[in-house]
Amino acid sequence: MSEIRGWTRRNFIGLTGAATGASLLPLAAADRTFAAAMRTIRPRSEAQRSPGNDSDWSDVLGAFDLGGRITMNSANLAPASGPARAAFTSLAASIDSDPSFQNRAQFADARRVTRERLAAFLKADPEEIVLTRNTTEGNNFIVQGLDLGPGDEVLLSAHNHPSNMASWKVRADRAGFKVIEVPLATPAPSPEALLDGFRAAATPRTRVVSYSHVTNTAGCRYPAREISEWAREQNILTLADGAQTCGALDVDLHDLGCDFYTASGHKWPCSPREVGVLYIRNDRQSEVWPSVVGLGPSEDGAPDRFEELGQRDDAALAAFGHAVLFLQEIGSAAIEARIAALTSLLKEELSKLPGVTIYAPLAADFSGGVVTFHVDGVDARRAHEWLYRERQIVSAPSGVEAGGIRFSPHIYTSLAECERAVEAMREIISGAVQI
Ligand SMILES: Cc1ncc(COP(=O)(O)O)c(C=O)c1O
């Protein structure tokens, strides 16, 4: 019964347009659409979700429309949640039917609301939040925006995403500083070993450490808080790439202490596409130059200095806020625990199959939502194609180490589906099917 009582007046009042009572304005209409879609979600106070029980998650599972596919590719691209998509569709329709300045006037306010929601979600201040297009852009704002030159050194985790590596290398070639790749064993031995790797590679010339909070390769979680503490003592800046943690883990940026953090809305936050977030810690804002300048220099804080990127998709930026609201209704800690239950099942069951090496660390607090594994004698790319074609399982091939398959399940994946994915791998490994 509580399934239909879910999203009612209590929540509705907190929404942007609804609070103004201006029912004809685009945001009010989108908020109404969103609130209607949220009615099937059990309110957090009543939900009592056990991470290991699919039926406790049936309302959340039902909020995604995945055509029956077992979708486990959140590390690359996640579907927008139904309520966020409904809000986006309503907002986009409003702009398309009336692109006037008058109709779009409300959207500046919508951006502020999205920033505020992201700040609350990531435990930061709204002035520290910049709405970008994706992680790649956020990383580039830092890579291009810091004053670095000859004599300076930047430490990169060797498992950074290729876009992160490439942007540092191009900038280093141009500005004359040095980048040093710090290796990472797979499977990684311990969080301490990751910090020790940076410690050992640092010199008095080191200015920045750039790493993925959770790697997209082997799914290893870097000890962000410890890295920040050490780096701050050495006067080294930290860029934590959060593409694999924002929306997947219960992230508290002020507690993690990194100087910069980047993420994409279209991965774990389940937002409409091409929206992202860049966090610039308050006391570091004066150290980053804007590398794309739209309406001219502004002294009004990070959002103004970095968000002037010409005409943007106002509907997606506003609906990013709805996507965050959807996750907040479930709760970040509950989401992290659910993802840990899904990935633990995968790691435990896959590791029982012959020839399987799990690349992701087994401990939940040393990993995230990314499960990468290698199977001796199985062509990972062919297996990935077969899984999609024959079993409707959405995965990714991975080039890490000897090559592997990556499953990255999320709140729209059930434990039963994870079991079916393990079963499909059993079929492949036993040779019962030709891939
Ligand atoms: C760690 C990491 N950083 C950056 C990116 C790039 O994300 P986007 O294409 O959304 O900018 C990815 C994508 O998978 C990633 O995993």
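Partner lysines whose Cα lies under 17 Å from the Cα of Lys169, excluding those fewer than 8 positions away in the same chain, are identified as Lys178. With K and R counted +1 and D and E -1, the other residues having a Cβ less than 15 Å from that of Arg207 yield a net charge of -1.
Sorted from longest to shortest, the spans of the Cα atoms of the chain along the three principal axes equal 61, 59, 34 Å.
Under 19 Å of direct C-alpha separation, and excluding same-chain neighbours fewer than eight residues apart, Lys352 reaches no lysines at all.
Assuming 0.36 nm per residue, please report the length gained on full extension of the stretch Asp365 to Asp304 beyond their Cα-Cα distance. Taking 0.36 nm per residue and subtracting the Cα distance, the gain is 18.4 nm. Lys267: which aspartates and glutamates have alpha carbons under 14 Å from its alpha carbon, excluding same-chain residues fewer than 8 sequence positions away? Hits, sequence-local ones excluded: Asp241. For region 168-235, the Cα gyration tensor yields ellipsoid semi-axes of 21, 16, 10 Å (square root of five times each eigenvalue, largest first, whole Å).
Computed from the Cβ-Cβ distance with R0 of 56 Å, the FRET efficiency linking Glu401 to Gln102 stands at 0.50.
Packing, as the average of other Cβ atoms within 10 Å across residues, places the peptides 247-254, 354-361, 402-409, 149-156 in the order 402-409, 247-254, 354-361, 149-156, highest first. Mean sequence separation of contacting Cα pairs (under 8 Å, at least six apart), scaled by the length of region 113-326, corresponds to a relative contact order of 28 percent. State the Cα centre-to-centre distance between region 375-435 and region 171-223 in whole Å. So the two Cα centres are separated by 29 Å. How big is the antiparallel share of DSSP beta bridges in region 113-326, given as a percent to the nearest 5? Just about 40 percent of them are antiparallel.
Per-residue ellipticity at 222 nm for the chain, helices alone: DSSP H runs ≥ 4 residues times -39500 (n - 2.57), over residue total, nearest 500 deg cm²/dmol? Show your work: numbers first, answer last.
Details: 19 runs with 191 residues, N = 435.
Taken over the chain, the calculation gives -13000 deg cm²/dmol.
Using a Förster distance of 60 Å, how high is the FRET efficiency between Thr357 and Gln311, based on the Cβ-Cβ distance and rounded to 0.05? Don't jump to the answer; show the numbers that get you there.
On the way: r = 48 Å, r/R0 = 0.80.
So, using R0 = 60 Å, E works out to roughly 0.80.
Every number in this text was worked out from the coordinates using simple rules, so none of it is lab data. From a predicted model like this one, the values you see are computed outputs, not experimental measurements. Cβ coordinates were reconstructed from backbone atoms using ideal geometry, including for glycine residues, and neighbour counts include every protein chain displayed.
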